[in-house]
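The values are calculated or read from the model by the stated rules, or taken from the named source; none is laboratory data. Since we're looking at a predicted model, the values are computed, not measured. Counting neighbours? That spans all protein chains shown, and the Cβs are built from the backbone with ideal geometry, glycine included. These accessible areas exclude ligands, DNA and RNA; they are computed on the full protein's heavy atoms, side chains included. Shrake-Rupley method; radii C 1.70, N 1.55, O 1.52, S 1.80 Å.
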Amino acid sequence: MSASDRIHLAFDLSFTHTEGRWALPGGWNGYDYYPDPRFYQDMARLAERGRLDMLFFGDGTGIPDTWEGSRDGAVRWGIQWPRHDKSPLIPLMAAAAPNVGFAVTFSPTYMHPYYVARLLSSLDHLTAGRVALNLITSTRLSDAANYGFDALMEHEQRYERAEEFAQVCMELWDSVSPDAIVLDPETGVFADPDGVHAIDHHGDYWDVRGPLNCMPMPQGHPVMLQAGQSDRGIQSSARYAEMVFAGGGNLDYMRRHRELLDGYLVEEGRDPRDVGILWSTQVMLGESEAAARAKLSALADQLPLESGGVYLAHNSGFDFSTLGPKFTLGEAAAAIEAAQGTKSGFIHRLMAVEGPDYLMSLDELQERGRVGMLGVESAICGTAAQVADQLQELHENTGANGGFMIQGACGPNPRTLTDVVDLLVPELQRRGIYRTEYEGTTLRDRLTS
Ligand SMILES: Cc1cc2nc3c(=O)[nH]c(=O)nc-3n(C[C@H](O)[C@H](O)[C@H](O)COP(=O)(O)O)c2cc1C
């Protein structure tokens, strides 16, 4: 899949209502509370007006409970919960917006490939070829507990499973040839058995006979996405992803990710140009940079300190409250790794800047989590021209191959998406670096044109 050098835009709808966003003006006003489908249909219409490539739904299946071994903080403050399965919303949104694409997330650590391959096939039909599948390796203890595990599966093993999972799905999607569908009313022949074959997969993790009991998909298979940030995660994306999600905002970090990915792609015999990166980027538009950032700080101030600890512990797969009042980043990183948590989360990223001897207090960690959760420091803030300047610079300095997964910094509510669509998109279009009309019909067409 060879991306054009234009900027592609996706918008992250994973957390429309949590982390205090449910109470924001311009958020859920006029809708029943989460998960009112009218809200999502309006977001799809907005995205389409902005000619966005796709809307993204991340996923997680537990209520955060890593912090102090309790779910109380997450429940009390609405941190990353509630969280429904978003796949049933996709056909409703697709009907409201006939061009935009939809990315949905599943975890090979817990899910079965046959179920996911069949579901994605059904969604690709219902959207006429506009779905993407994001495979994640699950670093969250509360997810693990819901699938019968009391600890995280080993990091390497999670990636081996993800690779085998992707392979099984691909084999299933290929198991019914488009030519096999005959539909001849004269003879009554529905399909040619020669074009429908078992896959007889016997791997380390799954045995799947196949074939898939579905019609061939409009896209052949969904656009494959991957969001691993560790070296092993990046290597895995080079094996099967068509588009990658990566942490954005910091040029050095982004360049390193791009270089690592390119190296692994070459090792896999693939052309680096064929795999774009959508950089996850928090954006806040306002009359000026200072005004936009002030809005974010005000929102963060409304959240209690504890919410930052709940958030970081959940996403790292490690309970930082066990470290005592003060610890070095090196000690924290070692403890996370011993717990099989993420090797590329907040602590590892900070350690790359401050070094392993940086001494941190538990209060500082919670504060950093609280402001980090809303992108107070990392968000690209300012007028449409200022934000477009920064996005353009980041895009050009990372090989102009992909674009951005926009996260409305104060939440992906209609107001933030409206700002992106009505202010930022016209600015990018004026610069000739963003589409003015959709080209092609499938999501893959959009991502490559
Ligand atoms: C844009 C983006 C979206 C992600 N979405 C999810 C998600 O929905 N659910 C999840 O559990 N992890 C998500 N992740 C985390 C990664 O998939 C991955 O699990 C994490 O980086 C840990 O893997 P690693 O140890 O290889 O870094 C996301 C990461 C990025 C950058």
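Observations on the model:
- Filter result for TYR253 (closer than 21 Å to ASP12 by Cβ, open to solvent by less than 60 Å² (accessible area, probe 1.4 Å), under 27 Å from the mean Cα position of the chain (by Cα) and within 16 Å of the ligand (Cβ to nearest atom)): yes
- Members of segment 352-385 that are open to solvent by 40 Å² or more (accessible area, probe 1.4 Å) and either among the basic types (Lys, Arg) or within 14 Å of the ligand (Cβ to nearest atom) (or both): ALA352, ARG368, SER378
- Condition met for THR66 (farther than 30 Å from GLU427 by Cβ and within 18 Å of the chain's Cα centre (by Cα)): no
- Filter result (over 35 Å from the mean Cα position of the chain (by Cα) and hydroxyl-bearing (Ser, Thr, Tyr)) within segment 169-211: THR187
- Within segment 166-180, tally of residues that are over 22 Å from LEU225 (Cα atoms), open to solvent by 40 Å² or more (accessible area, probe 1.4 Å) and out of contact with any Pro (no Cβ under 6 Å at 6 or more places or on another chain): 1
- Screening segment 15-114 for helices (runs of 4 or more DSSP H) wholly inside it with 3 or more residues that are in contact with a His (Cβ under 8 Å, 6 or more places away or on another chain) returns no ranges.
- Complete set of residues in segment 299-331 that are among the β-branched types (Val, Ile, Thr) and either open to solvent by less than 20 Å² (accessible area, probe 1.4 Å) or under 26 Å from the mean Cα position of the chain (by Cα) (or both): VAL310
- Of all residues in segment 115-142, those satisfying the criterion of being away from the ligand (no atom under 16 Å from the Cβ), open to solvent by 10 Å² or more (accessible area, probe 1.4 Å) and touching a Leu at 6+ places or on another chain (Cβ under 7 Å) are ARG118, ARG130.
- Checked against (1) among the small types (Gly, Ala, Ser); (2) within 13 Å of the ligand (Cβ to nearest atom); (3) open to solvent by 40 Å² or more (accessible area, probe 1.4 Å), ALA198 passes all but condition (2).
- Every residue from segment 219-249 that is more than 8 Å from the ligand (Cβ to nearest atom) and either without any contact (Cβ under 8 Å) to a residue 12 or more places away in the chain or open to solvent by less than 10 Å² (accessible area, probe 1.4 Å) (or both): PRO222, VAL223, MET224, LEU225, SER237, ALA238, ALA241, MET243, VAL244
- Filtering PHE39, PHE57, PHE102 for residues that are open to solvent by less than 40 Å² (accessible area, probe 1.4 Å), within 24 Å of LEU119 (Cβ to Cβ) and within 13 Å of the ligand (Cβ to nearest atom) leaves a single hit, PHE57.
- Picking from residues in segment 392-438 that are modelled with pLDDT under 95 and assigned to a loop (DSSP other than H, G, I, E, B), the one that is nearest to VAL283 (Cα to Cα) is ALA409.
- Search result, residues across segment 256-298 that are of a type in the set (Gly, Ala, Ser) and either at pLDDT below 95 or open to solvent by 30 Å² or more (accessible area, probe 1.4 Å) (or both): GLY263, GLY269, SER280, GLY286, SER288, ALA290, ALA291, ALA292, ALA294, SER297, ALA298
- Selection from segment 297-330 of residues that are in contact (Cβ under 8 Å) with a residue 12 or more places away in the chain and among the charged types (D, E, K, R): GLU306, ASP319, LYS326
- Boolean, GLY62 is closer than 18 Å to SER142 by Cβ, surrounded by 21 or more Cβ atoms within 10 Å (Cβ to Cβ) and among the small types (Gly, Ala, Ser): yes
- A Cβ distance below 8 Å, combined with a sequence gap of six or more or placement on separate chains, defines the contacts here; from segment 56-76, residues that are over 23 Å from MET111 (Cβ atoms) reach residues that are open to solvent by 40 Å² or more (accessible area, probe 1.4 Å) and outside any loop (DSSP other than H, G, I, E, B) in the pairs TRP67/GLU306; GLY73/GLU306.
- Residue within segment 206-215 that is under 25 Å from HIS155 (Cα atoms), open to solvent by 60 Å² or more (accessible area, probe 1.4 Å) and modelled with pLDDT of 95 or more present: yes
- Yes/no for GLY203 being at positive phi, modelled with pLDDT of 95 or more and surrounded by fewer than 16 Cβ atoms within 10 Å (Cβ to Cβ): no
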